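What follows is a set of notes on a single structure, which appears directly below.
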Amino acid sequence: MTNGGHNYAVISDFADVARIHLRRYKLDATGSLLPTKDGITVTPYVLLALVRQFTAIDQAFDDGKVFVIKDCLMLSRTVIENVTYIICQRYFQQKDFSRKFLTPVSMLKETEWKVLYIYIKDIQKQITSKTVSIMFGRVFLKLLRKEVAKHIPFPKSDYDCIDAEIVLTTSMVELLCNHIQENISSLFICYGCLEGYENQLGHECLTYSNEQRISNYGDLAILNMDWDKLVADFVNRNIQMVNYISEIFLNKLNMNVLIENAKQMYVATDSLLLL
């Protein structure tokens, strides 16, 4: 996915972990794109955190400050030979709490940074969708098959195959909804509480609807999903039907559709609470 010129956001997975590569590419003699050393690699979670902070990042730059994302990515603005650059550099904190900066870095011209800002929402949606597909195909299904194998054969229940698949799919959506809700609760930032505003009834923690919460934190909650726990909860919840969690059933699952249904279920709980 390009953000203008030859800067690309590329998704890869290694050892069952998804990574986003923000990197500059160059054209070779045949017209093919080749990656350069100018770029950084981050987790999808860190990238989405960056997306949410774009306005604050620009404000920090205007104030002459650097900006830190999730205590692992530092952004700064500098001028080199009359050209303004946005520099993104990863680091980790050492035992003495000092920062160890990693190479290489990503250097975007300010014009490229502005192009990224324009297209970042579309890039975010694609990254979330593709990351979910990777994690579902490489991690979730592998973990689920392994967990199911521990319990097969299991005494047959009275369900027929179609009914069992409906029950299992519904159960998966409900569990995804629960996990999304838990993750949003842990990620949610109430600036009213953070700043100590007196009018507590006006705080975001009390006024934000589930639709607002899923809009602001939904993707972060999904990318922060504990797949091991989701698998364990799903199998334990449906232990009487574990024989129906077959390859045929697994091949029918579409995690992007299931997550979208779980989001809608989460939003709908607001209406249920008002009844």
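Read the figures in this text as sums done on the coordinates, not as results from a lab. Everything numeric in this text was worked out from a predicted model, so none of it was measured. With ideal geometry, Cβ positions are generated from the backbone for all residues, glycine too; neighbour counts draw on all protein chains shown.
Listing for the model above:
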{"read-out": "For segment 238-246, 3J(HN,Hα) per residue [Karplus equation, 6.51 cos²θ - 1.76 cosθ + 1.60, θ = phi - 60°, Hz, x = Gly/Pro]", "value": "10, 4, 6, 10, 4, 5, 7, 7, 9"}
{"read-out": "Degrees, to the nearest 10: 210-223 long Cα axis against longest axis of the chain", "value": "80 degrees"}
{"read-out": "Packing-based exposure ordering (other Cβ within 10 Å, fewest first) of Leu22, Leu102", "value": "Leu102, Leu22"}
{"read-out": "³J(HN,Hα) computed for each position of segment 76-83 - Karplus, 6.51 cos²θ - 1.76 cosθ + 1.60, integer Hz, glycine/proline x", "value": "8, 10, 9, 10, 10, 6, 6, 10"}
{"read-out": "Hz values of 3J(HN,Hα) by residue in segment 31-36 - Karplus curve (6.51, -1.76, 1.60), Gly and Pro given as x", "value": "x, 7, 8, 10, x, 9"}
{"read-out": "For the chain, with +1 on Lys and Arg beta carbons and -1 on Asp and Glu, the positive-most of Val257, Leu75, Leu27 along the dipole", "value": "Leu27"}
{"read-out": "Computed helical MRE - 222 nm, the chain, DSSP H runs ≥ 4 contributing -39500 (n - 2.57), nearest 500", "value": "-16000 deg cm²/dmol"}
{"read-out": "Alpha carbon centroid spacing (whole Å) that separates segment 221-270 from segment 65-104", "value": "38 Å"}
{"read-out": "Rounded tilt (10° steps) of 110-135 against the dominant C-alpha axis of the chain", "value": "20 degrees"}
{"read-out": "Cysteines not pairable in the chain (beta carbon separation under 4.7 Å absent)", "value": "Cys72, Cys88, Cys161, Cys177"}
{"read-out": "21 Å Cα cut-off, lysine pairs counted over segment 94-194 (separation 8 or more, or different chains)", "value": "6"}
{"read-out": "Burial ordering of Ser76, Ser106, Ser215, fewest other beta-carbon atoms within 10 Å first", "value": "Ser215, Ser76, Ser106"}
